[in-house]
Amino acid sequence: MYSDASDEQLIQLHLSGDPRGMEAIYERYFDKVYRLAYSKLRTAQDAEDVTSAVFLKLCKSLDSFRGEAKFSTWIYTVANNAVMDSIRRRRPSVSLDADLRVDGGDSVPREIEDDAPGPEDHVADADFARYVYGKLNALPPGQRSVIELRYFMELSYQQIADQLGVELGTVKSRLNRAIAALRSLVSTEEEVKASAVR
Amino acid sequence: MRSDEQMDAMEELQTGEDWAIVRALKSGATPAPEFRARLKQSFLLEAESDARRRKAYKLSILGLPRFYTNLVAVGAAAALILMAFTYSIWLKPGPAPQIAEESPSVLLGPGSGALGFAPNAGDTADAVYVGYSTPLTDEIPDTLELIAAEAGGAVKLPGAGDIAGNIAVHSARHSAGEAQAIVLTVPSDVLDHVLGRLDEAIGTATISRPVHLNSEQVTIYITFSPN
């Protein structure tokens, strides 16, 4: 119904008292926020908690959205803050580093790290995707940011450049380097595991 | 603007064999459908409640459109700012009324017939009227001066300046056969003593005095009417 409307138009619709604008916003951003949270927290449970927090507080948080930035970059910031809150609440023994992380709790089947499939298992796309997500924390923050904005929040290159305050060319080169680095991380582990099998 | 498909195709060309990584990033981490549905329900309830609240607020306080309440608020703020800058003008006391110097030519006393009779004590002193049916002799001013001095008050003799500071004393001497008056100002708490001394020194007089004295000073108007 509102598929052609811009985010800002949908927000204005809500601010004027029509809740239908928010339904469209939810459909647009639910997956994005979830993916962002999942990539950083790497458990489905934590990602769900953060996604819930972001959306359930979204309406009230709209007062702080002044339209100076695009809604997509604003909600990215809100989601990142929610992720940081979640990390702070975590037990100190739990590390964000996938290679060191020790897991606990009842959500083990949804975890990426311990039960994440190895490279040999990535015949299934979903498993390979989770495997790649597990490598994201190994990227430098600048490269990780462009990955998040491009593939999770689905911003254009120009929007990413505006958000990060860098040149368009910088965004492209940083993204290419990030993808190459991920490729390299995956390949290296594949080789290590392959040699171990031999 | 390129479509998403076009952008994807471009990206695939650019990233080459890394397209598998890109696709993994885009498609990975799929949320559970039941979580999506549950959160959507809660979110839409929240959104509906928030939209109602905003709508109610937009209709605004006292049922007035928000524009008008904002207008009133801006007006009030402007008025406050204006008052803050001009309070010295608004609150500045007006020029003090110029009180004419008391003139000996003005007869102050109940028998004078003067309109608006009042000493320059600003109507704050209680007044006592003492009337003698005898003429004002030459000794009487000295006697009154003595009595006033005893009482800590003051008297102004005809043609003289104020004897004591801001205590106003008026006197007027008129030609023979007309009423003559002297004004004596004394502390209220010694009024009875002063009246007693006047009785002793000058003689019995008709006295008109208020039942209650409300001021610290009392003005005694003494008139001498030979008739």
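What the table shows:
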item: Unmet requirement for A:Lys57, which otherwise passes all of (1) more than 22 Å from A:Gln143 (Cβ to Cβ); (2) touching a Phe, Trp or Tyr at 6+ places or on another chain (Cβ under 8 Å); (3) at pLDDT below 90; result: (2)
item: Enumeration of residues in the range A:171-196 that are at pLDDT 85 or above and away from chain B (no Cβ under 13 Å); result: A:Arg174
item: Scan of the range A:154-178 for residues that are charged (D, E, K, R), in a helix (DSSP H, G or I) and more than 15 Å from A:Pro140 (Cα to Cα), ordered by number; result: A:Asp162, A:Lys172
item: Residues located in the range A:5-55, provided they are more than 8 Å from chain B (Cβ to nearest Cβ) and outside any helix (DSSP H, G or I); result: A:Ala5, A:Ser6, A:Arg42, A:Thr43
item: Residues located in the range A:40-81, provided they are within 22 Å of B:Ser49 (Cβ to Cβ), in contact (Cβ under 8 Å) with a residue 12 or more places away in the chain and of a type in the set (S, T, N, Q); result: A:Thr51, A:Ser61
item: Enumeration of residues in the range B:152-203 that are at pLDDT 50 or above, aliphatic (A, V, I, L, M) and under 19 Å from B:Ala125 (Cβ atoms); result: B:Ala154, B:Val155, B:Ala181, B:Ile182, B:Val183, B:Leu184, B:Val186, B:Val190, B:Leu191, B:Val194, B:Leu195, B:Leu198
item: Number of the condition not met by B:Gly203 [criteria: (1) more than 42 Å from the chain's Cα centre (by Cα); (2) more than 17 Å from B:Glu145 (Cα to Cα); (3) not charged (D, E, K, R)]; result: (2)
item: Among (1) modelled with pLDDT of 85 or more; (2) outside any helix (DSSP H, G or I); (3) of a type outside the set (Lys, Arg), the one test that A:Gly67 misses; result: (1)
item: Criterion: at pLDDT 65 or above, loosely packed, with under 11 Cβ neighbours inside 10 Å and not β-branched (Val, Ile, Thr) - qualifying residue of B:Ala51, B:Ala96, B:Ala32, B:Ala56; result: B:Ala56
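The values are calculated or read from the model by the stated rules, or taken from the named source; none is laboratory data. Not measured: the values here are computed from a predicted model. Positions of Cβ are backbone-derived with ideal geometry, glycine not excepted, and every protein chain shown enters the neighbour counts.
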